[in-house]
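A.B. asks: Just passing along the structure, written as structure tokens.
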Amino acid sequence: MNVQTESFIRDSTAAVQNKSLQARLRVLTSFTVRRDAAFAQLKDGEALRDRAREIKEQTISNLDTYLIELEKNVVRLGGTVHWARTGEEACAIVLELARKNNVSLVVKSKSMVTEEVELNDALEHAGIEAVETDLGEYIVQLAHEKPSHILAPAVHKSKGDISELFADKLGVANLKEAEEMTVVARKRLREKFCTADMGITGANFAVAETGTIVLVENEGNIRLSTTLPRIHVALVGIEKVVPSLDDLAVFLKILARSASGQKMSSYVSFINGARKADEADGAEEFHLILLDNGRTRILADEEMRESLYCLRCGACLNVCPVYQKIGGHAYGSVYSGPIGSILTPAFAGLEKAKDLPFASTLCGACREICPVRIDIPRILLKLRSDWSEGRHDSAGPSLPEKLAIKLWAFAMRHVFIYNLAFRVPAFLQGPLLEDGKFKGLPSVLDGWTQNRDFPALARKSFRSMWHDAE
Ligand code: SF4
């Protein structure tokens, strides 16, 4: 997975100063308000979340068994199953299918996993046109950008931005309302749906017991992508398997509520293999590509494993105070926000993404809202510890950081030194204070005070106040 997380600090600083982005990101709180209201209407909402987590725990621990069952049932329904160890392998399989069938135009539905493997680039290099058909994805594709949110890929763009983009790329000027822009996009996409040879989707779930691929959406574009073109290819991460339709029902009750605050999405499509002789619509060929791309490595790590429970609902992004200030692009990865801060290091390596586990206040809001109760703060702390201890890849702290950590550990073990380390600065800090606070810390510490004050050190320690009270 290609990531640009090395520039996280620079990009997040720029994002915080971007007034238009800040205005757009305010919309995220409305997602959370709607999500809370939707869950409040569910009598057994908390029990459903517990059940969803149980199912995920059970499925991920027996992933091999369920994947084999899934494969058997997809084949029984007339589909073909391909296994891809890496993103490159997944792209190669799609390209091979496209070449064999003389495909020149592909319609795509919103799929994080095709973003993860950069399938659009691979198709473009092979001279195949790939058109995103989800409205948000269509907008970011026109702008040559990446999605900035799992659920709302163009959340960073205002109506004005999109109007300008449509004028520039589609030659349709002066569009004011979202409805007008939607009509323009719909007309353009209709031509593509009718002429595409291949439809490519992801999947929200793949049901092992029936071989059914389940897709959840609001716009109807997935339904068109899976039924109009002659060939349907679903590229799916191996963690998306669920054992049975009963288990699926649990996830369907909580997914849309967590994502957009809806009781249920507008469309839920169940794809059962290729079109049968007596069926009116559907693709003539159905191919399921099951993608590993680092997932079995995560599976093998007991501490990281629960990150595979993720439903990609986006709720943790909406509630995260860091994501709310910097948006998705600063993360430099298709997976942003709290879940991205653990998935990106897991997929791309901690060395490349070392800043992400530290980009958290550890407030725990992501854990509270996650429909499958992934303990994201715990995993962030594990990754921080891996980095600090130099346990991951070739990542590790720099020499000054190592020295600082050693000094801190030494002070923590020697109470006299520890007290001295705070008491002396407490008496000397006077000239640096303004209104009783540090407005700017010196040297390498100044990062603390770029956007906030630092409280003055207390002249009297808690320990001595405690003694006085006794
Ligand atoms: S970690 Fe939880 S809240 Fe975040 S996207 Fe995944 S399922 Fe949703």
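The values are calculated or read from the model by the stated rules, or taken from the named source; none is laboratory data. Treat the numbers as computed from the prediction; the structure is a model and nothing was measured. Please note: Cβ atoms are built from the backbone with ideal geometry, for glycine as well, and neighbour counts cover all protein chains shown. Accessible surface is based on the protein model in full, side chains and every heavy atom, while ligands, DNA and RNA are left aside. Shrake-Rupley method; radii C 1.70, N 1.55, O 1.52, S 1.80 Å.
A.B. asks: Inside the stretch 1-90, counting only helices (runs of 4 or more DSSP H) that do not spill past its ends, which hold 3 or more residues that are at positive phi and in contact with a strand residue (DSSP E or B) (Cβ under 6 Å, 6 or more places away or on another chain)?
C.D. replies: Those helices (runs of 4 or more DSSP H) do not exist here; none qualify.
A.B. asks: Considering the stretch 173-222 alone, what residues qualify as being closer than 19 Å to His287 by Cα, part of a loop (DSSP other than H, G, I, E, B) and small (Gly, Ala, Ser)?
C.D. replies: Result: Ala196, Gly202, Ala203, Ala208, Gly211.
A.B. asks: Let me confirm something: among Thr201, Thr212, Thr226, which residue is crowded, with 23+ Cβ neighbours inside 10 Å, in contact with a helix residue (DSSP H, G or I) (Cβ under 8 Å, 6 or more places away or on another chain) and hydroxyl-bearing (Ser, Thr, Tyr)? Spell out how you get there, then give the answer.
C.D. replies: On the way: Thr212 fails: crowded, with 23+ Cβ neighbours inside 10 Å; Thr226 fails: in contact with a helix residue (DSSP H, G or I) (Cβ under 8 Å, 6 or more places away or on another chain).
Residue meeting the stated conditions: Thr201.
A.B. asks: From the residues in the stretch 295-323 that are assigned to a helix (DSSP H, G or I), open to solvent by 10 Å² or more (accessible area, probe 1.4 Å) and among the basic types (Lys, Arg), which one is farthest from the ligand (Cβ to nearest atom)? Reasoning before the result, please.
C.D. replies: Taking the stretch 295-323 as the starting set, the residues that turn out to be assigned to a helix (DSSP H, G or I) are 295-300, 305-309, 315-319, 321-323.
Still in the list and also open to solvent by 10 Å² or more (accessible area, probe 1.4 Å): 296-297, 299-300, 305-306, 309, 316, 319, 321-322.
Of the ones still in play, those that are also among the basic types (Lys, Arg) are 297, 305.
Values: Arg297: 19, Arg305: 13 Å.
Only one residue tops the list, namely Arg297.
A.B. asks: Here are Ala249, Ala280: which of them is in a helix (DSSP H, G or I) and surrounded by fewer than 24 Cβ atoms within 10 Å (Cβ to Cβ)? Quick ask: steps written out before the conclusion?
C.D. replies: Details: Ala280 fails: in a helix (DSSP H, G or I).
Within the list Ala249, Ala280, the selection yields Ala249.
A.B. asks: For the stretch 447-470, give me each residue that is part of a helix (DSSP H, G or I), within 27 Å of Val415 (Cα to Cα) and out of contact with any strand residue (DSSP E or B) (no Cβ under 6 Å at 6 or more places or on another chain). Spell out how you get there, then give the answer.
C.D. replies: Initial filter on the stretch 447-470 (part of a helix (DSSP H, G or I)): 447-449, 462-469.
With the extra rule that they be within 27 Å of Val415 (Cα to Cα), the set shrinks to 448, 462-469.
Listed by number, the residues that qualify are Phe462, Arg463, Ser464, Met465, Trp466, His467, Asp468, Ala469.
A.B. asks: Taking the options Arg423, Arg378, Arg384, Arg391, name whichever one is within 16 Å of the ligand (Cβ to nearest atom) and basic (Lys, Arg).
C.D. replies: Details: Arg423 fails: within 16 Å of the ligand (Cβ to nearest atom); Arg384 fails: within 16 Å of the ligand (Cβ to nearest atom); Arg391 fails: within 16 Å of the ligand (Cβ to nearest atom).
Result: Arg378 is the single residue among Arg423, Arg378, Arg384, Arg391 that is within 16 Å of the ligand (Cβ to nearest atom) and basic (Lys, Arg).
A.B. asks: A further question on this structure: Working only within the stretch 417-460, note down all residues that are in contact (Cβ under 8 Å) with a residue 24 or more places away in the chain, open to solvent by 90 Å² or more (accessible area, probe 1.4 Å) and more than 41 Å from the chain's Cα centre (by Cα).
C.D. replies: Initially, the stretch 417-460 is screened for residues in contact (Cβ under 8 Å) with a residue 24 or more places away in the chain, giving 419, 422-423, 425-427, 429, 444, 451, 456-459.
Imposing the further condition that a residue be open to solvent by 90 Å² or more (accessible area, probe 1.4 Å) reduces the set to 423, 427, 444, 451, 459.
Result: Arg423, Phe427, Arg459.
A.B. asks: Would you mind stating whether His329 is open to solvent by 20 Å² or more (accessible area, probe 1.4 Å) and either away from the ligand (no atom under 16 Å from the Cβ) or under 16 Å from the mean Cα position of the chain (by Cα) (or both)? Break it down stepwise before answering.
C.D. replies: On the way: open to solvent by 20 Å² or more (accessible area, probe 1.4 Å): yes; either away from the ligand (no atom under 16 Å from the Cβ) or under 16 Å from the mean Cα position of the chain (by Cα) (or both): yes.
Yes; evaluated as a whole, the condition is true for this residue.
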